[in-house]
Amino acid sequence: MCDTIINIVNIVGKEVVRTVIGLVGVFIVVLGNAIMLTWTERKVAGHIQRRIGPKEVGPFGLLQSFADSVKLLGKELLTPANVEKPLYFLAPTLIFVPVLVTFVVIPFDGFLQVKDINTGILVILAFSSLTVLSILIGGWGSDNKYSLIGAVRSVAQNIAYEIPLLLALLPVILMANSFSLRDIAEAQRGAWFVVYQPIAFLIFFVASVAETNRTPFDLPEAESELVAGFHTEYSGMRFSLFFLAEYTNMFIVSAIAVTFFLGGYQGPILPGVVWFFIKTYLLVFVLLWFRWTFPRVRFDQLLNFSWKILIPVSFLNLLVTGGILKL
Amino acid sequence: MRVVADIIKGAYSLIVGMGVTIRAFFSPVVTCQYPRETVNISPRFRSHTKLVGDPENPDRTKCIVCGMCERNCPSHSIKKVEGEKKEGEKKKTATSYILDFTTCSQCGICVESCPVDALEFSDDYNPVGLKREDFHYDLVKEYEKRKKAV
């Protein structure tokens, strides 16, 4: 048994085996995270509204997400007439690509990283733009006015918020002098970057809420005006792929915020991976907290806030950081 | 300058809002998990009427079969108020008291007109039945059932 495994590893190469094992791990984290987060979101929503939330299926309703996914799996995949078939079918699959790729470069611990790419953050930012593309494709292909409006809004919003997102990360990259996420996490051994860059952290967090299309920036799927926005026409497993991607994106933006500003896997006593997950889920909780506190902003407010406030402030922050570093 | 003031004011209001929700998050829940637990029923709640037992003799109800309720009922929901005089007792004892709950509007005139206060509203808030006749209650039989349950 052992010999066969070693033989296979020798034939295909260590790097390939490492990547495959890493991808399997990524799948487990993605699915486990989505299942936990749907339950957490409903529990948080319940308690903020002073209800209990799900409690019937399993202890504390923990198996509720499994029951929901079984229901979604069992549903018929409806394809409405007049949809652009290739685009309509491609969108749910395409939205999952960036989710998996970004997980590859996130350092869960000093050694626990599928692959350390020396342009890690660029990979994440480049691939997260694919999310917008798949939302646009899905909205366009659905042949539905609500989907189309949702998709158009999503594009405008993401273009506006990707700039402050990147500009907020740049000062940290300047300070760590590297694009690799592991180097950035290692650079925070002494003090977290949030101490030096509180404004950048704030800007990044606000922009990432907009990037993940969460309340108060959930205009692409505003249920009170657009039914469900870009995924109005999707049902069953196709819908749940969009759903899964949303929750995984929440995890990813929180993980990036933790790696860039909150010291990544650094922390006393407990192993790094535990610290990483604690910090990440605290940020995810803040995202959930936002959702059940704030009302949705108007579209002009959303764009004005980005172009008139976030972008100038983050530019100024970048200039000041660069100046101080040069001195 | 006004923009900066607006931003600070807005940010402060966001923090206040988040304080409100996090306080709600840690407060105890206010909902009642209905099939598992029920809320206390208000003393003013009106369901169908029931006969009150005689405190001196639990075998009989307070009803003296005078027929006031039957005569006063505006919907004619009370029928067959009948009784007999048992040996050694001064008053009549009710043997039948049919209340048609399908036409009863819980106005309470029967409760008010009863000279011996033999009627009161029960707190049976979820009566169910499959046919109309299920709601023709015989209050004497219902009283005996309650007595046995005690």
Could you go through segment A:287-296 in sequence order and give the Karplus-derived ³J(HN,Hα) for each residue, using 6.51 cos²θ - 1.76 cosθ + 1.60 with θ = phi - 60°, rounded to whole Hz, and x for Gly and Pro?
4, 5, 4, 3, 4, 8, 10, 9, x, 5
Partner chain Cβ atoms within 10 Å, averaged over the residues of B:8-15 - can you pull that number for me?
1
If each part is reduced to its alpha-carbon centroid, segment B:1-62 and segment A:260-316 end up apart, in Å, by 34 Å
Each residue of B:21-31 has, on average, a number of other protein chain C-beta atoms within 10 Å of its C-beta equal to 5
Debye, to nearest 20: dipole size of the protein assembly as shown, +1 on Lys, Arg Cβ, -1 on Asp, Glu Cβ
680 debye
Given a 10 angstrom Cα cut-off, can you work out which residue in A:Phe96, A:Phe27, A:Phe204 is the most mobile in a GNM of chain A?
A:Phe27
Modelling each spin label as a point 7 Å along the Cα-to-Cβ direction, I'd like the A:Leu63/B:Ser13 distance in nm, to one decimal.
4.7 nm
Quick calc: nm separation of the 7 Å Cα→Cβ label points for B:Lys85 and A:Lys308 -> 9.5 nm
Give the long-range amide H neighbours of A:Asp218: residues separated by 5 or more places, or on another chain, with amide H under 5 Å away, using H modelled in the peptide plane at 1.01 Å from N.
A:Val297
Inter-site label distance for B:Lys92 and A:Leu23 at 7 Å from Cα along Cβ, in nm:
9.1 nm
Rounded tilt (10° steps) of B:139-149 against the dominant C-alpha axis of chain B
70 degrees
Net charge near A:Pro164, counting Lys/Arg +1 and Asp/Glu -1 over other residues with Cβ under 12 Å of its Cβ?
-1
Expected unfolding gain across A:Ile163-A:Asn82 under the 0.36 nm per residue rule, minus the alpha-carbon gap, is 25.6 nm
Based on the Cβ-Cβ distance of A:Val155 and B:Val29, what FRET efficiency does E = 1/(1 + (r/R0)^6) give at R0 = 30 Å, to the nearest 0.05?
0.15
Under the Karplus curve 6.51 cos²θ - 1.76 cosθ + 1.60, θ = phi - 60°, whole-Hz ³J(HN,Hα) for segment A:207-217, x wherever Gly or Pro sits
5, 6, 4, 5, 4, 8, 6, 9, 4, x, 10
Tabulate in residue order the Karplus-calculated ³J(HN,Hα) for segment A:253-260, using 6.51 cos²θ - 1.76 cosθ + 1.60 with θ = phi - 60°, rounded to whole Hz; enter x for Gly and Pro.
5, 5, 5, 5, 4, 5, 5, 7
Pairwise FRET efficiency - B:Val128 versus A:Asn118, Cβ, R0 = 41 Å, nearest 0.05:
0.05
So in chain B, which Cys have no other cysteine's beta-carbon sitting under 4.7 angstrom from theirs?
B:Cys32, B:Cys63, B:Cys66, B:Cys73, B:Cys104, B:Cys107, B:Cys114
In terms of modelled amide H atoms, which long-range or inter-chain residues lie less than 5 Å from the amide H of B:Gly83?
B:Thr95
Taking the highest mean first, how do the peptides A:55-64, A:142-151 order by number of other beta carbon atoms within 10 angstrom per residue?
A:142-151, A:55-64
222 nm mean residue ellipticity, helices alone, for chain A (DSSP H n ≥ 4; -39,500 (n - 2.57); rounded to 500):
-23000 deg cm²/dmol
I need the peptides B:138-144, A:75-81 ranked by packing, meaning the mean over residues of other C-beta atoms within 10 angstrom, with the highest value on top.
B:138-144, A:75-81
Cut-off under 5 Å, modelled amide H: who pairs with B:Thr61 long-range
B:Asp54, B:Ala94
At 4 °C and 1.567 mPa s, the Stokes-Einstein diffusion coefficient in µm²/s for the protein assembly as shown, with hydrodynamic radius from the Kirkwood sum on alpha carbon pairs, is 47 µm²/s
For a protection proxy built on the mean count of beta-carbon atoms within 10 angstrom, sort A:227-239, B:12-24, A:179-191, A:208-220 highest first, please.
A:208-220, A:227-239, A:179-191, B:12-24
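No value in this document is a laboratory result; all are computed from the given coordinates. Keep in mind that what you see is a predicted model, and the values were worked out from it rather than measured. All Cβ positions, even for glycine, are placed from backbone atoms using ideal geometry, and neighbour counts span all protein chains on display.
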